[in-house]
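Shown next, in structure tokens, is the structure this report addresses.
No lab work stands behind these numbers, since they all come straight from the coordinates. Just so we're clear, the structure is a prediction, and the values are computed from it rather than from any experiment. For neighbour counting, all protein chains shown are included, and Cβ atoms are generated from backbone atoms with ideal geometry for every residue, glycine included.
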Amino acid sequence: MKLNPKRHKWLQGNGVKAIFEALPDGSARFVGGCVRNSLLGESIGDIDIACQLKPENIKTKLEAAGLKVIPTGIEHGTLTIVHEGVPYEITTLRKDVETDGRRAVIAYTDDWAEDAQRRDFTINALYADAQGELYDPTGEGLEDIKSRKFRFVGDADLRVREDYLRILRYFRFLARYAGQDKVDATALKACRENRAGLKQLSSERVWAELKKILSADDPRRAVRIMLTNEILGSVLPEASNAEGLDRMVVLEQKEKLEPDYLLRLMAMSGRDELALTRLSKRLKLSNNEKMRLLAWAGNAVPFKIGMDDKTLKQSVYASGPQTAYDRLVIRAAGEEDPILQSQWMKQAEFALNWDIPIFPLGGKDLKKAGLSDGPEMGRVLKALKELWVRSGFTADKDKLLIALKLIHD
């Protein structure tokens with residue numbers, strides 16, 4: 001088999017040509033996602049290259065050709081080449097000498113088959129040269145691509161124990177690429193029996209993979225398999241409601257909503273601030289992720305079908321647009337009546353699109369009216385804002401200043 005350069009134009013990019021021309025013939029090949037996705041008909045992201053030369057030799061030859069080389073992971077044999085603003089990663093062929101489930105001690109090799117044996121899945125152990133000629137050292141990758149079968153290279157149990165993150169990577173690939181065919185039993189057994197190893201991984205690595213799983217177009221099948229094999233509970237004990245995810249994905253498809261991993265996580269969780277605080281801390285969510293998740297969990301502002309325009313605006317204002325939207329979309333996902341679901345979604349769309357009005361008074365206005373800085377100004381300002389909200393945001397500056405005289409005098 002061969003990739004057609006006319007169809008897969010990334011094979012002939014300027015940066016690619018410059019790199020391959022700088023290296024000895026036959027010493028470098030494309031590997032991993034760019035090859036896999038081209039064969040699967042998926043979009044191409046990063047372009048990774050494997051090379052038989054050692055890093056210092058690669059660096060010398062590329063710099064001699066005028067290319068910018070950055071030693072981003074040189075201790076692991078990886079260099080980044082930037083050409084016309086586009087990065088390319090090039091890594092020396094490697095073999096594992098020792099592993100502990102988190103990181104490996106590696107040695108360099110010039111043997112393509114040895115390099116293939118240390119990769120995770122057969123579909124990721126496919127290589128292509130500059131002309132698009134394909135190489136399958138495991139002898140299984142091309143067949144697995146055809147059937148969209150996901151299995152580990154060689155001994156599945158050994159591959160997982162080399163790096164326990166491969167358990168989550170397996171389900172990420174399952175969520176993104178697999179069809180509805182039967183899951184490889186050997187791969188699934190290795191993931192299930194080694195799930196305790198996930199606790200050895202850094203929170204950042206685990207959360208990065210979980211986000212990718214939950215960001216897939218339709219992760220429902222992968223998540224259900226994780227749940228029934230006790231893997232989901234190992235990493236997300238607070239968010240094991242697979243039915244909630246089912247309902248959210250169905251709503252997304254119906255309403256043409258973009259996948260939102262945090263909204264899906266909420267749909268899988270209970271509105272328990274303490275539990276979600278633990279989740280946020282354990283997985284080291286970003287401040288924005290944590291704030292959004294906990295705002296959803298802790299918000300108690302009432303929403304109901306049939307709210308008049310003024311009341312809906314007041315509820316959205318009190319909640320904040322994002323929190324209101326999150327609550328309303330999740331409520332819509334859980335609604336079985338299609339008419340009521342449509343009404344919840346109408347409110348959600350309002351929350352997302354409403355231009356929040358700006359309170360027309362500030363501290364300077366109160367000073368001009370005779371108030372001094374301090375607790376009293378804060379109390380008056382709060383009372384005036386409450387009045388403005390009760391008016392349905394219609395009270396203008398002049399009316400509020402009249403009210404100020406009544407309050408202050």
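What the table shows:
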| item | result |
| --- | --- |
| Cα centroid separation - segment 371-409 against segment 128-187, whole Å | 64 Å |
| Over the chain, relative contact order from alpha-carbon pairs under 8 Å, at least 6 apart, % | 9 percent |
| Phi-based couplings in Hz for segment 196-201 (Karplus 6.51, -1.76, 1.60; Gly and Pro marked x) | 4, x, 4, 5, 7, 7 |
| Segment 363-408: C-alpha gyration tensor shape, a/c 1.5 cut-off, then a/b vs b/c | prolate |
| Antiparallel DSSP beta bridges within the chain, as percent of all bridges there, nearest 5 | 85 percent |
| Cross-link table 54/281; 256/382; 2/95; 95/290; 9/146, entries beyond 31 Å C-alpha to C-alpha | 54/281; 256/382; 95/290 |
| Dipole magnitude of segment 1-147 about its Cα centre (Cβ charges: Lys, Arg +1; Asp, Glu -1), debye to nearest 20 | 440 debye |
| Under 21 Å from the Cα of residue 304 - lysines, other chains or at least 8 residues apart | 313, 346 |
| Distance (nanometres) between label positions extended 7 Å along Cα→Cβ at residue 342 and residue 274 | 4.2 nm |
| Förster-model FRET efficiency, 56 Å R0, residue 354 and residue 157, C-beta, rounded to 0.05 | 0.55 |
| Where trypsin sites (Lys or Arg not before Pro) in DSSP loops with at most 15 other Cβ within 10 Å are excluded, longest remaining stretch of the chain | 305-409 |
| Candidate lysines - alpha carbon under 17 Å from residue 59, same-chain residues fewer than 8 apart omitted | 17, 68 |
| Computed over segment 107-157, Kirkwood Rh from alpha-carbon pairs, angstrom | 11.3 Å |
| Helix-only [θ]222 nm of the chain, DSSP H runs n ≥ 4, -39500 (n - 2.57) each, per residue, nearest 500 | -15500 deg cm²/dmol |
| Per-residue Cβ neighbour rank within 10 angstrom, fewest leading, 186, 91, 109 | 186, 109, 91 |
| GNM result for the chain, Cα springs below 10 Å: residue of 339, 47, 213 fluctuating most strongly | 339 |
| Choice from 360, 375, 259 showing the highest fluctuation, given a GNM over the chain with Cα pairs closer than 10 Å | 375 |
| Stokes-Einstein D (µm²/s) once Rh is taken as the Kirkwood radius of segment 10-163 over alpha-carbon pairs, at 25 °C in 0.890 mPa s | 155 µm²/s |
| Estimated dipole of the chain in Debye, rounded to 20 [Cβ of Lys and Arg +1, of Asp and Glu -1, Cα centre] | 1000 debye |
| Hz values of 3J(HN,Hα) by residue in segment 108-120 - Karplus curve (6.51, -1.76, 1.60), Gly and Pro given as x | 7, 8, 10, 9, 4, 5, 5, 5, 5, 5, 8, 7, 6 |
| Gaussian network model of the chain, springs between alpha carbon atoms under 10 Å - residue of 252, 162, 75 with greatest fluctuation | 75 |
| Charged-residue dipole, Cβ positions (Lys, Arg, Asp, Glu), segment 98-212 about Cα centre, Debye nearest 20 | 980 debye |
| Principal axis dimensions, largest first and in whole angstrom, of the chain by Cα | 87, 50, 42 |
| Note, ³J(HN,Hα) from phi for segment 157-169, Karplus 6.51, -1.76, 1.60, rounded to Hz, x at Gly and Pro | 4, 5, 4, 5, 5, 5, 7, 5, 5, 4, 4, 6, 4 |
| Residue 257 paired with residue 113, simple spin-label distance in nm, labels 7 Å along Cα-to-beta-carbon | 5.2 nm |
